[in-house]
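J.: Sharing a structure here in structure tokens format.
The values are calculated or read from the model by the stated rules, or taken from the named source; none is laboratory data. The structure displayed is predicted, hence computed values, not measured ones. Please note: Cβ atoms are built from the backbone with ideal geometry, for glycine as well, and neighbour counts cover all protein chains shown. Accessible surface is based on the protein model in full, side chains and every heavy atom, while ligands, DNA and RNA are left aside. Shrake-Rupley method; radii C 1.70, N 1.55, O 1.52, S 1.80 Å.
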Amino acid sequence: MQLSPSIVGSRVPEHDALVERGRLRFFAKATGQTDPLYTDLDAAEAAGHRDLPVPPTFFFCLDMDRPNPSGFYTELGIDPRSLLHGEEEFTYHAMAYAGDTLHFRTTVTDVYAKKGGALQFLVRTTEVTRDGEPIATLTNNVVIRQLPGASA
Amino acid sequence: MKTGDTLPAMELPPITRTTLALYAGASGDHNPMHIDLDQCRAVGVDDVFAHGMLSMAYLGRLVTNWVPQERVRSYKVRFAAITPVNTAPVCTGTVTSVENGLAHLDLKAELPDGTVTLLGSAVVTAG
């Protein structure tokens, strides 16, 4: 399965995600975050925040909160098990907090191959906004590899 | 904050299958390659391996333990190697330059056998 360069410029359906305090606490637990600023509202407010902050990488998780998150890949004929994460980049414009509704707008920005097509790379850029205000920009690079046990 | 400063190293406990199950739930990344041994074996992969974004969260925590998060302007990583289940990454960082009020950091996650799993960088306001 070879990706067509013609998908550059195509869009993933846009979506909104509501940031929930409980989910941020679960994420803190799962990532070993023990700073109460990320789980305790009083500690967050004492540090000058209006609610629990969205931690630096959690925007990626909110982006996956779209309906059918692997649908983008399966529609292109990509087995999600063949994906490896190559690179991830975040640029931060403003803090986001529990209670915010964030908007995610994703565009395919590059497609290329290495090792004679054995490895393919798909680059997507996601703009995260809150009521139109820029919050973060994500650049995601995934590698699509040939699985050892799967038929091509 | 000056060139050559090092961030206090962060030694993580081993990433267990429980860690991966919790991270799958909390992150919303339900890719079976991280939580389902049967699905791994079905495609010729011996065992589950950690979400790259779990290590990126650890490495991000190294930075936000050092400066408040609102000072982080950008943060990126390249996932250089898979993190096998039951390994314990160590996160380290160094200030590579300070100019125009911004500090540039080099970041790294490494396994005890020397395998570098993540190579990253961040820009923070020097404050």
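J.: Divide the volume of the convex hull of the Cα atoms of chain A by its number of residues and quote the answer in cubic angstrom per residue. The partial results should precede the final answer.
T.: Numbers: hull volume 18.9 nm³, N = 152.
Considering the Cα atoms of chain A, their hull volume per residue is 124 Å³.
J.: With a 1.4 Å probe on protein heavy atoms only, work out how much accessible surface A and B bury together, total over both chains, in Å² to the nearest 100.
T.: Numbers: alone 8560 and 7000 Å², together 12560 Å².
Buried area (both sides, nearest 100 Å²): 3000 Å².
J.: Still on this structure: Cα-Cα over 31 Å: which of A:K29/B:K2; A:K114/B:K2; A:K29/A:K115; A:K114/B:K76? Mind showing how you got there, number by number?
T.: Values: A:K29/B:K2 33 Å; A:K114/B:K2 39 Å; A:K29/A:K115 39 Å; A:K114/B:K76 22 Å.
Correct reply: A:K29/B:K2; A:K114/B:K2; A:K29/A:K115.
J.: Can you give me the three principal axis dimensions of region A:1-60 from its C-alpha atoms, in Å, biggest first?
T.: 50, 22, 17
J.: Would you mind classifying region B:6-125 by shape? Square roots of the alpha carbon gyration tensor eigenvalues, ordered a ≥ b ≥ c; an a/c under 1.5 is rounded, otherwise it is prolate if a/b is larger than b/c and oblate if not.
T.: Working: a/c = 2.52, a/b = 2.11, b/c = 1.19.
Cα axes put region B:6-125 in the prolate bin.
J.: Which of the listed residues, B:T19, A:H49, A:Y112, is farthest toward the dipole's positive end in the protein assembly as shown, when Lys, Arg count +1 and Asp, Glu count -1 at the beta-carbon?
T.: Of the candidates, A:Y112 comes out farthest on the positive side.
J.: With +1 assigned to the C-beta of every Lys and Arg and -1 to the C-beta of every Asp and Glu, and no other charges, what is the dipole magnitude of the protein assembly as shown about the Cα centre in debye, to the nearest 20? Let's see the in-between values first.
T.: Values: 23 positive and 32 negative charges, 96 e Å.
Charge dipole, the protein assembly as shown, about its Cα centre: 460 debye, nearest 20.
J.: In addition: With +1 on each Lys and Arg Cβ and -1 on each Asp and Glu Cβ, and nothing else charged, work out how big the dipole of chain B is about its Cα centre, in Debye to the nearest 20.
T.: Details: 9 positive and 12 negative charges, 73 e Å.
Charge dipole, chain B, about its Cα centre: 360 debye, nearest 20.
J.: Rounded to a whole number, what % of the accessible area of region B:6-125 do carbon and sulfur atoms account for, probe 1.4 Å?
T.: Values: 2470 of 4950 Å².
Ligands and nucleic acids excluded, carbon and sulfur give 50 percent.
J.: Dipole magnitude of chain A about its Cα centre, charges +1 at Lys/Arg Cβ and -1 at Asp/Glu Cβ only, in debye to the nearest 20? Intermediate results must be reported in sequence, preceding the final value.
T.: Working: 14 positive and 20 negative charges, 140 e Å.
The calculated dipole for chain A is roughly 680 debye.
J.: Which one of B:V95, B:L119, B:L62 is farthest out on the positive end of the charge dipole of region B:6-125, using unit charges on Cβ (Lys, Arg +1; Asp, Glu -1) and the Cα centre as origin?
T.: In region B:6-125, that residue is B:V95.
J.: Could you check how much of the accessible area of region A:33-89 is carbon and sulfur, as a whole percent, using a 1.4 Å probe? Mind showing how you got there, number by number?
T.: On the way: 1230 of 2450 Å².
About 50 percent, which is the carbon plus sulfur part of the accessible surface.
J.: Over the protein assembly as shown, with a single point scatterer placed on each C-alpha, what log10 of the ratio I(q)/I(0) does the Debye formula yield at q = 0.09 1/Å?
T.: Once normalised to I(0) and log-transformed, intensities are -0.42.
J.: Which whole-number value in Å² is the accessible area per residue of the protein assembly as shown, probe 1.4 Å? Spell out each step's value before the answer.
T.: On the way: 12560 Å² over 279 residues.
Heavy-atom accessible area per residue stands at 45 Å².
J.: A drop of at least 50 square angstrom in accessible area, chain alone versus all protein chains together, probe 1.4 Å. Which residues of region A:47-93 meet that?
T.: A:P56, A:T57, A:M64, A:R81, A:H85, A:E88, A:Y92
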